[in-house]
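Worksheet: one structure, shown below.
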Amino acid sequence: MQLVWMLVPVLLFFIIFSYIPMCGLIIAFKDYRMDLGIIHSPWAGLANLSELLQAFEFRKALTNTIIISMLRLSFGFVAPVLLALLLNEIRVTWYKRTIQTIVYLPYFFSWVLLGGIILTVFSSNGPMNLVYMLLLDICNFCLGQINSLFGTNLHHFAFSPIQFMTNRHWFLFVLILTGIWQEVGYSAIIYLAALAGIPVELYESANVDGAGRWHQTIHITLPVLMPTIVTLFLLRLGQILNAGFDQIYNLYNPIVYDSADIIDTYVLRILQNMDFSLATAAGMFKSIIGMILIVTVNMIVNKYTKGEKGLW
Amino acid sequence: MNRYNHFSMQIITDFVFLCIVIFLCPMPQHIYTDSIYASTHVNWDSLTDNKSEELHITYMGTPYFPNASECGYIELMLENRFNIQFEPVFLDLNAYQQTKPLMLAAGSAPDVWGEADPITLQQAIRHNLIMEIPYDLIKQHAPNYVKIINSFAPQSWLFSYAQGKNYGVPTIWTDGIYPYQCIWRKDWLNNVGIKKTPETLEEMYAALYMFRHCDPDKNGKKDTYGLTTNYDWWWMQFSEIFGASGVLPYDWTIHDGKIVWGGVLPETKSTLKLLHKWYADELIDPDFIINKNEDAEERAFVSGRVGYACGATSHGAASFDNFDETAPASLVSKLHTLCPDAQITIGVLPLGPQGKRGIRVWGGGGNIFVFSARLNNHPQKILRILVMWEQMCTDPNLFIESKAGKRTVHWDYRNNANASGGLKLLPPYDNPHRATAAVVNLSLGGGPYWNPCGAMPIFLEQFYSQKEIAFNQAHRNPALGLKDVFLKPDVVPSAGKYLRVLRERQKTVFAQIIRGDKPIEAFDNFVREWYDRGGQKMTDDANLLYKQLSNISQKVITGD
């Protein structure tokens with residue numbers, strides 16, 4: 001009985017902040033006029049959705065969102081697992097804590113601030129290009145030595161700054177990299193908690209059986225972590241159409257619009273035009289895709305793990 | 001603790017939590033009710049304003065005073081004088097853009113607010129959120145104010161015009177008619193052996209080329225460029241270079257008697273070709289596209305990255321204030337802090353091959369003040385506000401007091417008793433943060449919160465220094481300002497649907513051409529794409545609107 005009472009606040013939270021606002025979704029099927037209010041605005045049927053799906057901009061934004069999200073998922077999802085595993089191997093406590101604090105820190109900065117820093121770091125005369133120039137200098141020095149030693153005539157590399165922020169491929173690279181950098185410390189915490197729950201006896205007996213660190217990781221740590229990984233993966237899939245609005249909005253520029261304009265930036269433009277119906281339709285579209293993905297992947301996971309590792 | 005206690009503790013915790021949740025979540029009171037903005041017809045003719053009645057007015061001026069708070073000096077002064085109880089709303093620019101639509105949707109719009117963007121203004125009209133204000137009513141209660149608008153920028157009536165009705169009161173931005181002027185690093189020109197400040201595009205190219213390739217700052221490193229721009233600011237990006245061909249690439253212009261979009265004209269193409277050559281020759285800072293700060297160009301100039309600057313700074317590179325050695329925030333002071341030997345010279349806008357020169361100006365129209373549709377029930381509030389504005393633009397004391405605060409407290413004359421030396425803010429208000437907190441500033445030509453009126457010619461002698469007047473006459477000739485036909489390109493009715501998307505597209509394609517990612521032929525594809533994706537509709541609308549504009553002008557002229 002107590003447990004049921006403890007559930008009440010959580011339920012209330014979701015009812016008030018998640019379920020009641022869902023009624024607002026009818027705006028997506030109306031030609032919403034502020035003076036008339038939600039109830040009295042005229043119905044528009046599926047006109048908003050079809051306008052959305054026909055808009056060239058929206059389809060491009062959708063493609064970009066999926067590409068960016070997939071990249072984030074492929075690289076960003078593995079990074080915290082690796083970090084947690086590596087941190088788990090460190091035995092010196094103060095060193096471990098220091099590292100953990102340092103990687104956790106960027107999570108607390110807003111993208112407005114980070115945007116300014118990243119634009120400077122990756123600008124054509126910023127630190128990243130200085131590092132690149134230094135590397136080229138070292139290469140050229142080595143080439144010079146080889147040329148004078150062996151009498152060869154290898155060409156030196158000429159330096160021209162890498163356009164990190166204005167080349168679409170580099171831009172995606174910066175986007176994914178800085179995204180991981182900002183989030184990895186925070187995401188690793190859940191895995192670290194799961195790791196802390198592994199009984200020491202398991203490692204001890206593996207040790208007795210002659211298993212090294214590598215084997216212990218493969219055969220004990222990873223299997224124990226698996227349910228956490230699957231759960232987080234499923235939750236992450238539901239967010240697949242959230243490609244990281246704050247980050248992109250603060251970093252992108254006209255040259256990379258074609259590959260960086262995502263659904264959220266598109267919706268912002270509609271909202272600034274006060275076209276609430278269209279914006280709601282776009283938001284609803286995102287949620288539906290997210291829900292379909294979660295349900296499907298959960299079914300697949302259940303099928304292959306015989307119902308053991310799915311969310312429900 | 002026994003089981004019962006546990007249980008009751010849990011209930012208490014739940015109750016507290018529930019209270020917090022309910023407290024944090026004010027239920028939307030308006031959205032499920034019939035209508036937020038009941039529309040009743042106002043009979044303007046019989047309406048009178050009883051001056052002895054105190055009126056309560058919520059008021060949101062332009063969003064440039066985010067740290068201000070209620071009950072500032074100017075607010076109390078106006079409240080006393082006009083028998084109004086103000087409830088001001090102060091937002092920063094971002095909050096204004098993002099929060100205002102939600103405020104309107106939630107039914108908590110202020111009674112009076114400033115709208116900067118005709119697109120959202122038109123949407124607000126469509127949503128029936130703002131009130132129609134007949135032109136004649138404004139003229140009746142604020143005749144001088146209307147006269148000034150009509151002499152400076154009659155087009156600004158279009159910002160709030162829909163279906164033959166007027167929905168707002170334009171603000172006057174007298175500084176908006178003065179074009180920006182370019183500045184050069186004189187010491188750099190000397191160092192590369194150029195004696196004469198460049199005046200034509202060719203001379204400009206030669207000088208900028210030397211700035212990049214001949215180490216003008218003599219530091220032994222190739223770390224300088226010719227010029228940069230704030231690419232995010234469509235209205236100012238390379239504006240003086242486009243101006244040398246007489247085009248505004250992001251505005252409506254008259255071409256062979258018809259209204260066309262500047263971005264599709266052959267002159268734009270040839271300027272892009274030129275800019276690409278400049279970029280390929282490394283004259284343009286390659287980071288120009290990622291510039292997002294409003295002072296990006298000024299920063300590049302001050303830090304010695306470029307040796308030329310023009311319009312892409314908050315007040316223009318060559319504004320009078322920027323040459324004030326005594327003000328720590330002026331461009332010249334900042335430059336001398338970093339490089340004490342630096343010298344600046346004011347140039348002229350570059351002359352193009354066809355003998356044209358110019359740079360974009362917004363013209364004398366500023367923003368629009370609109371009145372909430374709720375005021376249908378309290379129309380006398382509108383009359384009171386109109387009277388207040390009328391007095392602000394006719395009474396010099398009220399004019400200055402509603403902009404800069406009280407003399408000897410907030411500001412004073414530089415030379416004791418008259419304006420011949422100009423005005424200065426007194427400590428602590430000479431600190432920009434303290435000044436915005438008190439809603440006082442000395443940019444008398446515009447940027448209003450309480451006072452929508454720019455400095456009229458009659459006020460110039462009273463509040464502007466002789467030097468500043470002479471400076472503007474010498475360097476900022478209004479004849480060189482290039483204007484949009486409608487002053488703001490998004491006035492066109494279908495702009496709400498197409499303009500933002502097409503403008504972003506244009507920025508992308510132009511950047512690609514300038515950088516050489518795409519050949520100049522991409523311009524022709526862009527023109528086709530532009531017309532196909534809504535440009536044709538906008539152009540048709542623009543031409544219709546232009547006809548209406550002449551009708552409106554006719555009315556405005558004959559009405560006076």
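The values are calculated or read from the model by the stated rules, or taken from the named source; none is laboratory data. As the structure is a computational prediction, the values presented were derived from the model and not from experiment. Here Cβ is always computed from backbone atoms with ideal geometry, including for glycine, and neighbour counts include all displayed protein chains.
Taking the stretch A:68-96 as the region of interest, how many residues are over 20 Å from the mean Cα position of the chain (by Cα) and either in a helix (DSSP H, G or I) or touching a residue at least 60 places away in the same chain (Cβ under 8 Å) (or both)? First the steps, then the outcome.
Taking the stretch A:68-96 as the starting set, the residues that turn out to be over 20 Å from the mean Cα position of the chain (by Cα) are A:86-96.
When the remaining residues are screened for being either in a helix (DSSP H, G or I) or touching a residue at least 60 places away in the same chain (Cβ under 8 Å) (or both), the result is A:86-89, A:93-96.
Matching residues across the stretch A:68-96 total 8.
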Review point. Can you name the number of the only condition in (1) within 33 Å of the chain's Cα centre (by Cα); (2) among the hydrophobic types (A, V, I, L, M, F, W, C); (3) at the interface with another protein chain (Cβ under 10 Å from one of its Cβ atoms) that A:Met22 fails?
Key: (3)
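Test B:Ile400 against the stated conditions and say whether it is farther than 19 Å from B:Glu132 by Cα, in the same structural domain as B:Val439 (by TED's automatic domain parsing), buried (at least 23 other Cβ atoms within 10 Å of the Cβ) and out of contact with any Ser or Thr (no Cβ under 6 Å at 6 or more places or on another chain).
Working: farther than 19 Å from B:Glu132 by Cα: yes; in the same structural domain as B:Val439 (by TED's automatic domain parsing): yes; buried (at least 23 other Cβ atoms within 10 Å of the Cβ): yes; out of contact with any Ser or Thr (no Cβ under 6 Å at 6 or more places or on another chain): yes.
Yes, satisfied.
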Review point. Going by the structure shown, is B:Lys547 outside the structural domain of B:Thr120 (by TED's automatic domain parsing) and either modelled with pLDDT of 95 or more or out of contact with any helix residue (DSSP H, G or I) (no Cβ under 9 Å at 6 or more places or on another chain) (or both)?
Key: yes
Review point. Of the numbered conditions (1) closer than 21 Å to B:His127 by Cβ; (2) in a helix (DSSP H, G or I); (3) not assigned by TED's automatic domain parsing to the domain that holds A:Tyr266, A:Leu52 satisfies every one except a single condition; which is it?
Key: (3)
Practice item. Kindly provide the set of residues from the stretch B:184-216 that are under 19 Å from B:Asp281 (Cα atoms), away from chain A (no Cβ under 14 Å) and not aliphatic (A, V, I, L, M), ordered by number. Key: B:Trp188, B:Pro198, B:Thr200, B:Glu202, B:Glu203, B:Tyr205, B:Tyr209, B:Phe211, B:His213, B:Cys214, B:Asp215, B:Pro216
Check your understanding: Within the stretch A:241-262, is there a residue that is of a type in the set (Gly, Ala, Ser), within 14 Å of another protein chain (Cβ to nearest Cβ) and under 30 Å from A:Trp181 (Cα atoms)?
Key -> yes
Exercise for review: Taking A:Met6 as the residue in question, decide whether it is in a helix (DSSP H, G or I), facing chain B (nearest Cβ under 9 Å), over 22 Å from the mean Cα position of the chain (by Cα) and loosely packed, with under 15 Cβ neighbours inside 10 Å.
Suggested key: yes
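Consider B:Lys497 carefully, then state whether it is within 14 Å of another protein chain (Cβ to nearest Cβ), surrounded by fewer than 21 Cβ atoms within 10 Å (Cβ to Cβ) and assigned to a loop (DSSP other than H, G, I, E, B). Break it down stepwise before answering.
Values: within 14 Å of another protein chain (Cβ to nearest Cβ): yes; surrounded by fewer than 21 Cβ atoms within 10 Å (Cβ to Cβ): yes; assigned to a loop (DSSP other than H, G, I, E, B): no.
No; evaluated as a whole, the condition is false for this residue.
Would you say B:Arg505 is out of contact with any helix residue (DSSP H, G or I) (no Cβ under 8 Å at 6 or more places or on another chain), part of a helix (DSSP H, G or I), farther than 30 Å from B:Asn416 by Cβ and not assigned by TED's automatic domain parsing to the domain that holds B:Gln391? First the steps, then the outcome.
Values: out of contact with any helix residue (DSSP H, G or I) (no Cβ under 8 Å at 6 or more places or on another chain): no; part of a helix (DSSP H, G or I): yes; farther than 30 Å from B:Asn416 by Cβ: yes; not assigned by TED's automatic domain parsing to the domain that holds B:Gln391: yes.
No; evaluated as a whole, the condition is false for this residue.
Yes or no, residue by residue, for (1) within 14 Å of another protein chain (Cβ to nearest Cβ); (2) farther than 26 Å from B:Pro478 by Cβ:
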| position | (1), (2) |
| --- | --- |
| B:Ser303 | yes, yes |
| B:Tyr308 | no, no |
| B:Pro328 | no, yes |
| B:Lys334 | no, yes |
| B:Ile344 | no, no |
| B:Gly355 | no, no |
| B:Ile359 | no, no |
| B:Gly364 | no, no |
Point to revise | Of the criteria (1) free of Cβ contacts under 8 Å to residues at least 40 places away in the same chain; (2) in a helix (DSSP H, G or I), which one A:Gly45 fails | key: (2)
**Study point:** Qualifying positions in the stretch B:212-267 - under 25 Å from B:Ala317 (Cα atoms), of a type in the set (D, E, K, R) and either under 18 Å from the mean Cα position of the chain (by Cα) or not in a loop (DSSP other than H, G, I, E, B) (or both)
**Key:** B:Arg212, B:Asp232, B:Glu240, B:Asp251
Exercise for review: Tell me which of these B:Val492 doesn't satisfy, since it passes every other one: (1) in contact with a Gly (Cβ under 9 Å, 6 or more places away or on another chain); (2) among the aliphatic types (A, V, I, L, M); (3) buried (at least 21 other Cβ atoms within 10 Å of the Cβ).
Suggested key: (1)
Study note, to complete from the structure: Of A:Ala188, A:Ala158, A:Ala84, the only residue that is within 14 Å of chain B (Cβ to nearest Cβ), of a type outside the set (Ser, Thr, Tyr) and more than 30 Å from A:Asp261 (Cβ to Cβ) is A:Ala158
